[in-house]
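Colleague: Structure provided below as structure tokens; questions to follow.
Rule-based calculations on the coordinates, nothing more; no lab input. Small disclaimer: the values here were computed from a predicted structure and weren't measured. Here the Cβ is made from the backbone with ideal geometry for all residues, glycine too, and neighbour counts use every protein chain on show.
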Amino acid sequence: MKNNKPASIDKSKENVRAMFDNIAPNYDFLNHFLSMNTDKIWRRKVRKIAQKKNHNSILDLATGTGDLAIELSKLKPKELIGADISPQMLEIAIKKVEKTKLNIKFVEADATNLPFEDNHFDIVTCAFGVRNFEDLSKGLSEINRVLKKGGTTIILEFSKIENKFFKSLFEFYFNNILPMLGKIFSKNHQAYKYLPDSVNEFPYGISFGNKLKKNNFAIQKIFKLSAGIASIYIAQKI
């Protein structure tokens with residue numbers, strides 16, 4: 001299998017915002033359809049991890065249409081905020097919450113310049129968002145800043161399968177079939193070509209763990225989901 005890593009990906013705030021604004025109407029359907037609802041299982045796993053931590057105040061970063069924030073609301077935290085750079089994604093999240101009357105506040109915010117005070121949250125979660133940060137180190141630094149001392153970040157992100165046989169099958173689907181289906185259903189080829197490109201570029205596993213350590217986190221656990229398609233990183237603010 002050849003290396004599909006692109007020479008460069010445009011992760012500017014403007015490009016990421018425009019891309020997710022564009023696919024927002026079809027985002028939930030495609031997420032669940034293309035993952036065969038596995039994404040829901042992964043989010044429940046994040047909630048179960050958060051349940052074992054102090055979770056009075058939670059920030060769900062890169063919340064998108066709010067699926068993880070809604071899942072985390074089952075913990076009944078005193079404060080739950082979902083933040084995202086895309087206003088169109090947030091508009092859908094707000095409509096979901098209005099229907100369910102859940103106590104979730106949504107805020108438009110850039111992950112590399114969060115509008116929250118220092119040492120505020122017990123937990124910061126982020127599902128499939130850190131790889132889109134314009135500046136990964138700055139985004140991780142911001143997560144650290146807004147966490148209370150001893151607070152926890154739980155990051156769910158795509159990684160890579162190591163089993164050669166399944167890796168070949170999945171990479172063919174992820175790099176060829178998925179962008180084609182994304183284009184058909186969302187009419188946006190760029191977004192679903194960007195997805196595998198951004199995953200191929202992302203420093204997953206130990207490499208991402210080292211990024212967390214450099215930004216003043218102590219790694220508690222890294223574990224793989226679904227044979228390595230995704231991973232969860234649990235780290236504590238030092």
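Colleague: Quote the charge dipole size of the chain about the Cα centre in Debye, to the nearest 20; the model charges only the Cβ of Lys and Arg (+1) and of Asp and Glu (-1). Show your work: numbers first, answer last.
Modeller: Details: 38 positive and 25 negative charges, 201 e Å.
In debye, rounded to 20, the chain gives about 960.
Colleague: If you take every DSSP beta bridge fully contained in the chain, what fraction is antiparallel? Give it as a percent rounded to 5. Please list the in-between numbers first.
Modeller: Values: 16 of 35 bridges.
Here the share of antiparallel DSSP bridges comes out near 45 percent.
Colleague: 222 nm [θ] for the chain, helices only, -39500 (n - 2.57) per DSSP H run of 4+, per residue, to 500?
Modeller: Helices in the chain give a 222 nm mean residue ellipticity of -14000 deg cm²/dmol.
Colleague: Measure off 7 Å from each Cα along the Cα-to-Cβ vector at K40 and A227, then give the distance between these two points in nanometres to one decimal.
Modeller: Distance between the two pseudo-spin positions: 2.2 nm.
Colleague: What longest region of the chain stays clear of GluC sites (Glu not before Pro) that DSSP places outside H, G, I, E and B and that have at most 15 other Cβ atoms within 10 Å?
Modeller: Value returned for the longest uninterrupted segment is 1-116.
Colleague: Which whole-number percent gives the relative contact order of the chain, counting Cα pairs below 8 Å spaced six or more residues apart? Each step should come with its number before you reach the end.
Modeller: Working: 406 pairs, mean separation 48.6, N = 238.
Once normalised by length, the contact order is 20 percent.
Colleague: Remind me, relative contact order of segment 97-238 in percent, using alpha carbon pairs under 8 angstrom and six or more residues apart?
Modeller: So the answer I get is 27 percent.
Colleague: DSSP loop (so not H, G, I, E, B), at most 16 other Cβ within 10 Å: list which chymotrypsin sites (Phe, Trp or Tyr not before Pro) in segment 133-238 pass both filters.
Modeller: On the way: sites: F133, F158, F165, F166, F170, F172, Y173, F174, F185, Y192, Y194, Y204, F208, F217, F223, Y233; in loops: F133, Y204.
Nothing satisfies the criteria.
Colleague: For the pair S168 and L102, what calculated FRET efficiency results from E = 1/(1 + (r/R0)^6), where r is the Cβ-Cβ distance and R0 = 41 Å, to the nearest 0.05?
Modeller: The value I calculate is 0.50.
Colleague: Quick one, which of (i) 111; (ii) 165; (iii) 129 is the actual volume of the Cα convex hull per residue in Å³ calculated for this model?
Modeller: (i)
Colleague: D10 versus Q51, label points 7 Å from Cα toward the beta carbon: distance in nm?
Modeller: It is 4.3 nm.
Colleague: Return the loop-located trypsin sites (Lys or Arg not before Pro) in segment 46-99 (DSSP other than H, G, I, E, B) with at most 15 other Cβ atoms within 10 Å of their own Cβ; answer none if there are none.
Modeller: Values: sites: R47, K48, K52, K53, K74, K78, K95, K96, K99; in loops: K52, K53, K78.
Within segment 46-99, the qualifying trypsin sites (Lys or Arg not before Pro) (loop, at most 15 other Cβ atoms within 10 Å) are K52, K78.
Colleague: I'd like to know which of H120, G151, S186 lies farthest towards the positive end of the charge dipole of the chain, counting +1 on Cβ of Lys and Arg and -1 on Cβ of Asp and Glu.
Modeller: G151
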